[in-house]
Amino acid sequence: LLARINACQQSLDAVPALLKRFRQAVVNAAVDGSLTAEFRAINLVSDEWQTVPLGQLGELGRGKSKHRPRNDPRLYGGAIPFIQTGDVAQSDGWIKTHSQTYSEFGLQQSKLWPAGTVCITIAANIADTAVLCYPACFPDSVVGFVADPTKCDGRFVKWAIDALKEDLESFAPATAQKNINLAVLNDVVIRLPSLEEQSEIVRRVEMLFKLADRIEARYTAAFAQAQRLPSLVLAKAFRGELLPQDPNDEPASALLV
């Protein structure tokens, strides 16, 4: 039983990497057009996508945190969410929680970005992205992109940047604190289908991501059960519950006399 449990755990250990590869494959297919090739054929949509610099697709700007020193306690502890690079990196693409807040004093020296803003890190972790689920402030180590709805869907742009992450990281100088500047992001070229196809891409990607989330939830539950099984098996073994018991056998206490 322990050997079978160990084999099960090894199989489960492979699941997180497989899910990561699956999600990345979905993103790549979304932004290279292969995810909606059938949609274009059925709906007679052109295969030609525009190439547009990111800066022309909406508002693009760095977060603001002008006050010095940055650790002034007057800035913090209020009701205004303050998003940092770590919050973006750990968000799984959607910022629904935060670890710090600004006070009204903090807000006065910063900027409140609307829900739906695509947050892009330009320091520490380069080109991590996440979409704000509520209005929030962030520092100048994060760039905000607010999509022009007549040109693009912010979620599609997020995935396009995700697909370019390695290329963007290569622009960071080889220093201890890697970073890129706003000019680099402003000139990033996004391949853009029609708004109609963008909507279909968003629908399909979100459907596939929900499937991956359900698999991940089942994996998490199975992993927790697999972790408990060895101790449960051993407990049953020492209680004599793994094999049929002969009622004619002497009790264990008799063997110790």
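The values are calculated or read from the model by the stated rules, or taken from the named source; none is laboratory data. Predicted model, so just to flag it, every value in this text is computed and none were measured. Counting neighbours? That spans all protein chains shown, and the Cβs are built from the backbone with ideal geometry, glycine included. Accessible surface is based on the protein model in full, side chains and every heavy atom, while ligands, DNA and RNA are left aside. Shrake-Rupley method; radii C 1.70, N 1.55, O 1.52, S 1.80 Å.
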Six or more apart or on different chains, Cβ under 7 Å: which pairs go from a residue in the stretch 219-232 that's touching a residue at least 12 places away in the same chain (Cβ under 8 Å) to one that's of a type outside the set (A, V, I, L, M) and part of a helix (DSSP H, G or I)? Could you list them?
ALA226/CYS8; ALA226/GLN9
With respect to ALA160, determine if the residue is surrounded by fewer than 18 Cβ atoms within 10 Å (Cβ to Cβ) and either in a loop (DSSP other than H, G, I, E, B) or not charged (D, E, K, R) (or both).
no
Only one of (1) at pLDDT below 95; (2) more than 27 Å from the chain's Cα centre (by Cα) does not apply to GLU38, and that is (1)
Look at THR97 and say whether it is under 17 Å from the mean Cα position of the chain (by Cα), under 29 Å from ALA25 (Cβ atoms) and exposed (fewer than 15 other Cβ atoms within 10 Å of the Cβ).
yes
Would you be able to say whether some residue in the stretch 37-48 is of a type in the set (S, T, N, Q), under 24 Å from PHE145 (Cβ atoms) and not in a helix (DSSP H, G or I)?
no
Restricting attention to the stretch 177-197, the residues that are touching a residue at least 24 places away in the same chain (Cβ under 8 Å) and either assigned to a strand (DSSP E or B) or out of contact with any helix residue (DSSP H, G or I) (no Cβ under 8 Å at 6 or more places or on another chain) (or both) number exactly 10
For ILE80, state whether it is over 21 Å from ARG155 (Cα atoms) and in a helix (DSSP H, G or I).
no
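Which residue, of LYS178, LYS158, is at pLDDT below 90 and of a type in the set (D, E, K, R)?
None of the others qualify; the one that does is LYS178.
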So if I check each of GLY55, GLY61, which one is at pLDDT 95 or above, open to solvent by less than 30 Å² (accessible area, probe 1.4 Å) and in a strand (DSSP E or B)?
GLY61
Given the conditions (1) open to solvent by less than 60 Å² (accessible area, probe 1.4 Å); (2) of a type outside the set (A, V, I, L, M, F, W, C); (3) assigned to a helix (DSSP H, G or I); (4) at pLDDT below 95, and given that GLU200 satisfies all but one, which numbered condition is not satisfied?
(4)
Mind listing just one residue for me: the one in the stretch 24-49 that is among the β-branched types (Val, Ile, Thr) and in contact with an Asp or Glu (Cβ under 9 Å, 6 or more places away or on another chain) and, of those, farthest from VAL205 (Cα to Cα)?
VAL45
Test for SER91: is it in contact with a helix residue (DSSP H, G or I) (Cβ under 9 Å, 6 or more places away or on another chain), open to solvent by less than 60 Å² (accessible area, probe 1.4 Å) and either touching a residue at least 60 places away in the same chain (Cβ under 8 Å) or not in a helix (DSSP H, G or I) (or both):
no
Options LEU60, LEU54: the member that is closer than 19 Å to LYS151 by Cα and in contact with a Gly (Cβ under 9 Å, 6 or more places away or on another chain):
LEU60
